1. Scan (1) assigned to a loop (DSSP other than H, G, I, E, B); (2) modelled with pLDDT under 95; (3) within 17 Å of Val94 (Cα to Cα) for the single condition Gly63 breaks and write down its number.
2. Mind listing whichever residues of the range 44-57 are closer than 17 Å to Phe95 by Cβ and touching a Lys or Arg at 6+ places or on another chain (Cβ under 8 Å)?
3. Looking only at the range 33-85, filter to residues that are in contact (Cβ under 8 Å) with a residue 24 or more places away in the chain, of a type in the set (Phe, Trp, Tyr) and over 13 Å from Thr96 (Cα atoms); which one of those is surrounded by the fewest Cβ atoms within 10 Å (Cβ to Cβ)?
4. Within the range 83-94, can one find any residue that is farther than 15 Å from Tyr33 by Cβ and assigned to a loop (DSSP other than H, G, I, E, B)?
5. For Asp79, state whether it is at pLDDT 90 or above, part of a loop (DSSP other than H, G, I, E, B), over 21 Å from Thr20 (Cβ atoms) and of a type in the set (D, E, K, R).
Amino acid sequence: MPADANLDTKPSLDTKPSLTLKRHFRATPQAVYAAWTNPEQIAHWSGPPHIESVEAEADARIGGSYRIFMRSKDGEEHDVRGVDRKVVPNEELVFT
């Protein structure tokens, strides 16, 4: 490796991590929106098969929040939560 090679592969402190997921479903926009915003539906589908969704909450509005509390069979707990940044019913959800 050349002596002047930059070995620092860390992102800049000014860079914010980002992840964009786009999927196409054989479902109506209303059904997909409900799956992401209705706590009963969130609890039904979220998490891998071996982890139970114990509690789910959702307040689908700008500034609202969501929370999914999951527990594995061996007792490991996962508390996932975030804030809604953009909410356009049946069209778009942007959240942390």
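1. If we test Gly63 against (1) assigned to a loop (DSSP other than H, G, I, E, B); (2) modelled with pLDDT under 95; (3) within 17 Å of Val94 (Cα to Cα), just (2) comes out false.
2. Scanning the range 44-57 gives Ala56, Glu57.
3. Ranking the candidates gives Trp36 first.
4. No, every residue in the range 83-94 fails to be farther than 15 Å from Tyr33 by Cβ and assigned to a loop (DSSP other than H, G, I, E, B).
5. no
The values are calculated or read from the model by the stated rules, or taken from the named source; none is laboratory data. Because the structure is predicted, anything quoted here is derived from the model rather than measured. So basically every Cβ, Gly included, is an ideal-geometry build from the backbone, and we count neighbours across all protein chains shown.
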